[in-house]
Structure formats: C-alpha cells, structure tokens
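Beneath this line is the structure, given in structure tokens, with notes to follow.
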Amino acid sequence: MHSPYRNIVLIDDDAINNLLNRQFLTFCLPQSHIQTFQDARLVVRYLAERKITVPDLILLDVNMPEMDAWEFLYHFDQLQVQTDVVILSSSMHFDDVERAKRYDAVRCYIHKPLTEEKIKHYLIDHRFDEIEVD
C-alpha cells in the first residue's frame, strides 16, 4: 500500500490506542514516519515553536482531558498550517460529527478502531468527499 502521507501524527490520550494505531499504520504504511502524542497541547506548542515538522496528516481523538479535539482545532487554525486532519474517535455523537464539519482541515471522521480497510479507504485512496462517519 502507498499513501501520500509521509509524516503522520497521532494524538490520543490513551497510550495503548496510540501504540496499536502506530503499529498498524507502520505495518500498512511502512514509508510513513509516525509520531504519537498523548497531549494535544504539546503538539500545538511544538508546531508553534517549530520543534516538529508540520505533518501531512494528524489523526485526532475527540475526547481528551487536557485539550479536546475542538480546542486543538481552534489553536491549530491559528497556526495557519496546511495539514489534513482525520478525527479518529470512539465518539459517534451526532454533535461531534457535525462540529467536525466546521473545520476546513478535517477531512473525515473515522470511528475506532482503525483497520486496514479504513486506512486503505481514507488514507490511501482519499475517499472523503464530505465528512461522514465510516
């Protein structure tokens, strides 16, 4: 499998989710460099201070304790960087899906768990005409 996403950042407060998703992405997309973070605030700070390379893709959980996805996306918009964001969450709440549609960077909303089929559909084939729930 081949993806145009070479530099991927995973943001999820659950270390086990990050570990499993990183391993799965590494298996499916061996050419990609994948970094994981449990604190979205750190990613915002690192991007603002240019301590990390601007990723091609951010996989973002919705519900996190220190900074949720919506606060992250607000600060991310202020940085004015061009990066695709994919919401990867266990939340299937209608309000979350609708809220994701307000952000230009958000390409789609994927319900956990991440699977080979979802990676192929969204990250390789780029089938996200509009924000939808998989």
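The values are calculated or read from the model by the stated rules, or taken from the named source; none is laboratory data. Because the structure is predicted, anything quoted here is derived from the model rather than measured. Cβ placement follows ideal geometry from the backbone for every residue including glycine, while neighbour counts extend to all protein chains displayed.
Checking the conditions here, which among 84, 96 is touching a residue at least 40 places away in the same chain (Cβ under 8 Å) and touching a Phe, Trp or Tyr at 6+ places or on another chain (Cβ under 8 Å)? Let's see the steps before the verdict.
On the way: 96 fails: touching a residue at least 40 places away in the same chain (Cβ under 8 Å).
It is 84.
Which of the residues belonging to the range 20-52 are assigned to a loop (DSSP other than H, G, I, E, B) and closer than 24 Å to residue 113 by Cα? Walk me through it before giving the result.
Within the range 20-52, the subset assigned to a loop (DSSP other than H, G, I, E, B) is 29-32, 38-39, 49-52.
Of everything in the range 20-52, those that are assigned to a loop (DSSP other than H, G, I, E, B) and closer than 24 Å to residue 113 by Cα turn out to be 29, 30, 31, 32, 38, 39.
Have a look at 99, 127, 41 and point out the one that is surrounded by fewer than 19 Cβ atoms within 10 Å (Cβ to Cβ), basic (Lys, Arg) and modelled with pLDDT of 95 or more. Before the answer, list the steps.
Numbers: 99 fails: modelled with pLDDT of 95 or more; 127 fails: modelled with pLDDT of 95 or more.
So the residue among 99, 127, 41 that is surrounded by fewer than 19 Cβ atoms within 10 Å (Cβ to Cβ), basic (Lys, Arg) and modelled with pLDDT of 95 or more is 41.
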Quiz prompt | Selection from the range 68-102 of residues that are in contact with an Asp or Glu (Cβ under 7 Å, 6 or more places away or on another chain) and more than 19 Å from residue 7 (Cβ to Cβ) | solution = 69, 89
Exercise. Considering each of 41, 50, 102, 45 in turn, give the residue that is within 23 Å of residue 128 (Cβ to Cβ) and of a type outside the set (Gly, Ala, Ser).
Key: 102
